[in-house]
Amino acid sequence: MKIGIIGCGSITKYRHAPEYDENPYVKEIVFYDRNPERAEALAELFNGSVAQTAEDLFEDESIVAISDCSSNDSHHIFSTKALLSGKHVLTEKPIALTVEDAKEILDAQKKTGKWLMVDHNQRFTKAHQKAKSIIKSGELGNVLTFKTNFGHGGPESWGVNKSNSTWFFKKDRSGYGVAADLGIHKLDLIHYLLNDRINQVSAFQGVLDKVDENGQPIEVCDNIICNLRTEGGKLGTASFSWTYYGEEDNSTTIYFEKGIMKIYQDDQYQIEVLTKDGEKINYEIEAIQTNDNQTNTGVIDAFVDSVRNETEPIVTGQDALESLKVVLAIIESADKNQVVMVK
Ligand SMILES: NC(=O)c1ccc[n+]([C@@H]2O[C@H](COP(=O)([O-])OP(=O)(O)OC[C@H]3O[C@@H](n4cnc5c(N)ncnc54)[C@H](O)[C@@H]3O)[C@@H](O)[C@H]2O)c1
């Protein structure tokens, strides 16, 4: 397969391109970025080629699928056009900044019948997949409550522009700050693990520490702390932060009728189960991918498999839209100081 990638920043360099490169069914990657030197650098690194415009990728009939790794504001433009030009699409998260824009992509997918997957990669980690199977088995009874966290020191040390002028800090391009950057991953994870939907939220947000290139507080939240209720009546809390300096927190805890499951809280054991009877079961599975530990996420392999085998991707556009709606609800709640129903 020949693959096109739009946007040649960090997620392309550290995840999409290396994982396509390692996939046995991918023979060439064509890179496009509005900063051509970024596309050229990655083409050299991964033995690929460069497109001068996104249209060149859409019009190239030998390109089967496209990864949309542009910034959040552009996903609906590129992903919609790519689908309408007959390509399968893997879009980065958040799928879009508004429900209308996300629906434009979903409509293009329905119209063309091409596959659309969204990179909610938390579903793919082996520990999260094991956690889902433990929940599904019913061995710990029903889930009652949960808490989930995702935080690190901020995107200004991750993106290709390593400075406080990063687009991640701009409202028109990032949308919702840490809520749509890290938060959306865990909201999707909760939907996946519990096979349920968050339908009611309240939240507090703040710009507690981050400043822009002029030393002013950034335009989007660097912290947001949420209360969540699911359709199935489960209650949870979630903390998302760009100011966890020193160590990333990627942890989730699920409280069941018959025990507790802790995920990513111990360096050796990615899952620890503590039962009501006092038993402790530790699972050593695989360390999670972090900004400092870039291992294969499995996302690209799953997308390529979906295209090759004509099977629905593990994360659909509809899944991504549901998570986006929760992000919109937590931002609305924090803005209005009100409990908000997810629409
Ligand atoms: N799934 C994950 O775990 C994960 C992690 C990090 C980032 N992301 C997502 O990936 C996307 C890219 O993030 P990144 O970290 O690579 O950012 P980045 O700033 O490092 O790179 C973005 C690149 O896209 C290019 N670009 C942006 N808009 C463009 C446009 N309209 N036309 C052409 N080129 C354009 C920029 O020039 C830049 O080179 C974002 O949506 C982000 O939320 C996902």
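The values are calculated or read from the model by the stated rules, or taken from the named source; none is laboratory data. Quantities reported herein were computed from a predicted structural model and do not represent experimental measurements. Quick reminder, even Gly has a Cβ in these numbers, built from the backbone with ideal geometry, and neighbours come from all protein chains shown.
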For the range 110-220, which fully contained helices (runs of 4 or more DSSP H) count at least 1 residues that are touching a Lys or Arg at 6+ places or on another chain (Cβ under 7 Å) and aromatic (Phe, Trp, Tyr)? 184-194
Hey, could you check the range 144-202 for residues that are aliphatic (A, V, I, L, M), closer than 25 Å to Ile218 by Cα and within 13 Å of the ligand (Cβ to nearest atom) and say which is farthest from the chain's Cα centre (by Cα)? Val160
With respect to Ile135, is the statement that it is closer than 30 Å to Asp277 by Cα, in contact with a helix residue (DSSP H, G or I) (Cβ under 8 Å, 6 or more places away or on another chain) and modelled with pLDDT of 95 or more true? yes
Based on what the data block shows, is Ala96 at negative phi and either among the polar types (S, T, N, Q) or in a helix (DSSP H, G or I) (or both)? no
Just for the range 46-63: of the residues that are within 14 Å of the ligand (Cβ to nearest atom) and out of contact with any Asp or Glu (no Cβ under 8 Å at 6 or more places or on another chain), which one is farthest from Ser79 (Cα to Cα)? Gln52
Give the residue that is surrounded by the most Cβ atoms within 10 Å (Cβ to Cβ), with candidates limited to residues of the range 75-89 that are in contact (Cβ under 8 Å) with a residue 24 or more places away in the chain and within 8 Å of the ligand (Cβ to nearest atom). His75
Here is a list: Tyr245, Tyr255. Which entry is touching a Leu at 6+ places or on another chain (Cβ under 9 Å), of a type in the set (Ser, Thr, Tyr) and over 24 Å from Val26 (Cβ atoms)? Tyr255
With the condition kept exactly as written, say whether any residue in the range 76-85 is closer than 30 Å to Thr253 by Cβ and either under 21 Å from the mean Cα position of the chain (by Cα) or not basic (Lys, Arg) (or both). no
Can you tell me how many residues in the range 1-52 are of a type in the set (S, T, N, Q) and surrounded by fewer than 17 Cβ atoms within 10 Å (Cβ to Cβ)? 4
Restricting attention to the range 193-209, which residues are buried (at least 22 other Cβ atoms within 10 Å of the Cβ) and closer than 17 Å to Asp319 by Cα? Leu193, Ile198
Can you name every residue in the range 17-41 that is within 24 Å of Gly86 (Cβ to Cβ), in contact (Cβ under 8 Å) with a residue 12 or more places away in the chain and within 12 Å of the ligand (Cβ to nearest atom)? Ala17, Glu19, Phe31, Tyr32, Asp33, Ala39
Being among the basic types (Lys, Arg), within 12 Å of the ligand (Cβ to nearest atom) and under 16 Å from Lys87 (Cβ atoms) is the filter here; which residues of the range 1-16 pass it? none
For the range 296-315, which positions are crowded, with 19+ Cβ neighbours inside 10 Å and not aliphatic (A, V, I, L, M)? Thr297, Phe303, Ser306, Pro313
